[in-house]
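To keep things clear, I will list the structure first and then write my remarks on it.
The numbers here are math on the coordinates, done by the rules we state, and not lab data. Predicted model, so just to flag it, every value in this text is computed and none were measured.
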Amino acid sequence: MIKVEFSGASNFEAKKISSSLVNVVKEKVQALNEASGKIAYGILSTEPLIAKNPPEILLDSAVAFLAGILIFSMSAFVWEYFKQ
């Protein structure tokens, strides 16, 4: 069993990617089976599971704030070092 994960901007885009992916893999497996002369692989597909992944605003803001303090502190130290 192979699990494939991908992301899209919308539900429509995710379903479009999923159906395209299934069609391409089915074509490749069919070509492989025809080349080998026997049925070695099969494809079973289901509807994609669509899960929303909202941004974590509080965590992102805290990381940006700490990064800003770090950059400001480092630039202040560098400024003081070269000022002398």
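Give me the angle, in degrees from 0 to 90, between the Cα long axis of helix 11-36 and the longest principal axis of the Cα atoms of the chain, rounded to the nearest 10.
50
Pairs of lysine in the chain with Cα under 27 Å and at least 8 positions apart or on different chains: total?
Close lysine pairs under the 27 Å cut-off: 14.
Please work out which option in [x] 79, 28, 20; [y] 58, 24, 23; [z] 44, 28, 13 gives Cα extents along the principal axes in Å calculated from these coordinates, and answer with its label.
[x]
How far, in degrees from 0 to 90, does helix 57-83 lean away from the longest principal axis of the Cα atoms of the chain, to the nearest 10?
Rounded to the nearest ten degrees, it is 40.
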